[in-house]
Amino acid sequence: MPNLTKTKKIELSEKIKDEFLNSDVIFFSFEGSDFGKLQQLRDKLKTLGARMVIMRNSLIYFASKNANLIKDEKKPAMFKGPTAVVFVKNQDEISSVSKVLIEFSKENPKAKIKGGFLSRNLISPEIIKQISSVGSKKELISKLVGALYLSLYNMRGVIEAPITNLVYVLKALKEKKEKGN
């Protein structure tokens with residue numbers, strides 16, 4: 001995006017602002033990453049319904065400010081250095097996208113998560129790391145369903161136990177009477 005006119009910058013800033021308002025966003029530094037690794041990362045993110053774009057920090061900052069996502073007049077530190085923006089349209093996938101980015105930053109030590117916006121709130125890299133450890137919505141629902149099923153199964157055993165014990169006692173009494181006759 002070399003030599004953008006002021007009009008073009010304003011147009012791009014408005015488009016970015018709209019995307020910020022309609023998605024969750026994660027910013028990360030991609031220093032030390034070659035094109036091949038970035039393309040692999042893009043492909044992984046695409047399968048999760050996320051889109052990665054490399055943008056100018058000034059455009060990101062002004063779009064964030066115009067969307068009222070940043071209240072402070074001072075430009076945050078996350079808008080320094082090379083920045084890639086990951087737009088996550090499906091809120092259910094924020095955890096999976098965070099995991100992919102955390103793995104990428106482990107494989108590429110210079111690449112770092114800078115922060116982002118979750119439900120239009122500014123979040124730190126630490127929060128993104130916590131989100132990545134939670135698991136996706138599907139994983140959490142399956143764990144909940146498993147726990148509920150196990151509870152019901154155990155409860156059935158507790159409810160059936162007295163009836164089963166009564167049957168064994170009656171059977172033993174019957175056998176005792178039959179032997180006593």
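The set of residues in region 81-94 being surrounded by fewer than 23 Cβ atoms within 10 Å (Cβ to Cβ) and over 21 Å from residue 15 (Cα atoms) consists of 81, 92, 93. State which residue pairs qualify: first residue under 12 Å from residue 133 (Cα atoms) and inside region 99-110, second residue assigned to a helix (DSSP H, G or I) in any location, beta carbons under 6 Å apart, and separation of 6 or more residues or different chains. The qualifying pairs are 99/132; 100/44; 102/132. Every condition in (1) at pLDDT below 90; (2) crowded, with 17+ Cβ neighbours inside 10 Å; (3) touching a strand residue (DSSP E or B) at 6+ places or on another chain (Cβ under 8 Å); (4) not hydrophobic (A, V, I, L, M, F, W, C) holds for residue 108 except the one numbered (3).
Scanning region 54-75 for residues that are outside any helix (DSSP H, G or I), in contact with a Lys or Arg (Cβ under 9 Å, 6 or more places away or on another chain) and in contact (Cβ under 8 Å) with a residue 24 or more places away in the chain yields 56, 67, 69.
A Cβ distance below 9 Å, combined with a sequence gap of six or more or placement on separate chains, defines the contacts here; from region 3-23, residues that are hydroxyl-bearing (Ser, Thr, Tyr) reach residues that are not in a helix (DSSP H, G or I) in the pairs 23/50; 23/51; 23/87; 23/88; 23/89; 23/90; 23/117.
The values are calculated or read from the model by the stated rules, or taken from the named source; none is laboratory data. Model, not experiment: these values are computed from the prediction. Using ideal geometry, Cβ is built from the backbone for each residue, glycine included, and neighbour counts are taken over all protein chains shown.
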